[in-house]
Amino acid sequence: MGKKLDEKTTKEMLRLLAAAYPDAKPALKYQNPFELLVAVLLSAQCTDERVNIVTDELFRKAPDAAAMAALGEEEIRETIKSCGLYKNKAKNIAALSRILTEEYGGEVPSAREDLEQLPGIGRKSANVVMSVAFGIPALAVDTHVFRVSRRMGFSDGGDVRKVEEDLMAAVPREDWAAAHHWLIFHGRRCCKAQRPLCGECPVGSLCPRLYLKK
Ligand code: SF4
């Protein structure tokens, strides 16, 4: 197990990340909470670029929950078939659209317990929707956030829940939403899964480089 960073180093690392990624924001395109919810669901094992191509057509056909429920699973499946896991995703999008229409008046709920009841929506997706669509402080841990947080020493947790808890303790609450995007951008552009670019890393002088294969 690695050692977690002290408070001063954590603060400085966050400052450096914020300075390095001032453009960090959601890459998924959406116009409202419903579109964000569907885009987040589609983004599992699929690039954001691909999701944006698929949703461009999908949201033209069905811009809200009622229209999506009416579109139906088969048509949704046809429209999103270039996405990974498209059959299961189509089933979940059709089902959650029905539930939103019948039980929530077509609106996306903002409470975690309601979001996590929706088909295909787990804790990470609920965190993204709460934070991005509703401004409720939450810190979603995806594959980049998990890897980078452990390498940089923000967390020594072995599962996403522990990493989420450690990040929430380390990062000021007002920065949770931004930190999620800083860490994703950092993971994509610099601290890559296979070959992290430590030599040109904005936090290279402070990073303990934990869990890297020597
Ligand atoms: S120094 Fe290397 S391991 Fe540490 S954050 Fe930068 S790229 Fe990742």
> In region 127-167, what residues are within 16 Å of the ligand (Cβ to nearest atom), more than 13 Å from His180 (Cβ to Cβ) and among the aliphatic types (A, V, I, L, M)?
Replying inline: Met152
>> So, Asn88, is that one over 19 Å from Pro119 (Cα atoms) and surrounded by fewer than 19 Cβ atoms within 10 Å (Cβ to Cβ) or not?
In response: no
>> Can you tell me how many residues within region 148-186 are in a helix (DSSP H, G or I) and in contact (Cβ under 8 Å) with a residue 60 or more places away in the chain?
In response: 14
> Looking at region 1-41, which of the residues that are over 14 Å from the mean Cα position of the chain (by Cα) and small (Gly, Ala, Ser) is nearest to Cys207 (Cα to Cα)?
Replying inline: Gly2
> Are there any pairs with C-beta distances below 6 angstrom linking a residue in region 46-69 that is modelled with pLDDT under 95 to a residue that is outside any helix (DSSP H, G or I), with the two at least 6 apart or on different chains, and if so which?
Replying inline: Cys46/Cys83; Cys46/Gly84; Asp48/Ala27; Asp48/Leu28
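Residues checked against (1) out of contact with any strand residue (DSSP E or B) (no Cβ under 7 Å at 6 or more places or on another chain); (2) surrounded by 18 or more Cβ atoms within 10 Å (Cβ to Cβ); (3) of a type in the set (Asp, Glu); (4) within 19 Å of Leu42 (Cβ to Cβ):
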{"site": "Tyr104", "(1), (2), (3), (4)": "yes, no, no, no"}
{"site": "Ala111", "(1), (2), (3), (4)": "yes, no, no, no"}
{"site": "Ile121", "(1), (2), (3), (4)": "yes, yes, no, yes"}
{"site": "His144", "(1), (2), (3), (4)": "yes, yes, no, yes"}
{"site": "Ala179", "(1), (2), (3), (4)": "yes, yes, no, no"}
{"site": "Ile184", "(1), (2), (3), (4)": "yes, yes, no, yes"}
{"site": "Cys191", "(1), (2), (3), (4)": "yes, yes, no, no"}
{"site": "Pro208", "(1), (2), (3), (4)": "yes, no, no, no"}
> Name the helices (runs of 4 or more DSSP H) wholly within region 4-85 that hold at least 2 residues that are of a type in the set (Asp, Glu)?
Replying inline: 7-20, 48-61, 73-79
> Out of all the residues in region 172-188, is one or more farther than 19 Å from Lys11 by Cα, in contact with a Leu (Cβ under 8 Å, 6 or more places away or on another chain) and within 8 Å of the ligand (Cβ to nearest atom)?
Replying inline: no
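The values are calculated or read from the model by the stated rules, or taken from the named source; none is laboratory data. Computed from a predicted structure; not experimentally measured. When we count neighbours, we look across all protein chains shown, and the Cβ atoms used for this are built from the backbone with ideal geometry, even at glycine.
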